[in-house]
Amino acid sequence: MCDLPRMPGTRVFNNDKTTGSDHCTVDEPCGLGDGDCDPNNHATCRGFLKCKANVGSHFGFSNNNVDVCVHPDFY
């Protein structure tokens, strides 16, 4: 599986890409490839992006349990 490119201006919840908990919020949604979002609330991701559960290692996170904002086609 290939990694999706990060959108310009997006942030990652932790620069060393270790684990965290619900870093993305409705008030501060995450961009493409960012996490940790809430897979039960896609509004924690920007725009049309969806929160995909347990794909962190595909996006450079050290823990696969991190939920990441992805393009709907990846969802």
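Based on C-alpha pairs under 8 angstrom that are at least 6 apart in sequence, region 29-75 has a relative contact order of 39 percent. Can you work out D for region 29-75 in µm² s⁻¹ from Stokes-Einstein, where Rh is the Kirkwood radius over C-alpha pairs, the temperature is 4 °C and the viscosity is 1.567 mPa s? For the chosen part, D equals 132 µm²/s.
Rounded to the nearest whole Hz, the Karplus-based 3J(HN,Hα) values (6.51 cos²θ - 1.76 cosθ + 1.60, θ = phi - 60°) of region 34-41 follow the sequence 9, x, 9, 9, 10, x, 8, 8, with x at glycine and proline. Our estimate of slack between H71 and E28, defined as 0.36 nm per intervening residue step minus the Cα-Cα distance, is 13.7 nm. Distances between placed amide hydrogens fall under 5 Å for L32 paired with M7, all partners being 5 or more residues away or on another chain.
None of the figures in this text is laboratory data; all of them are computed from the coordinates on show. Since we're looking at a predicted model, the values are computed, not measured.
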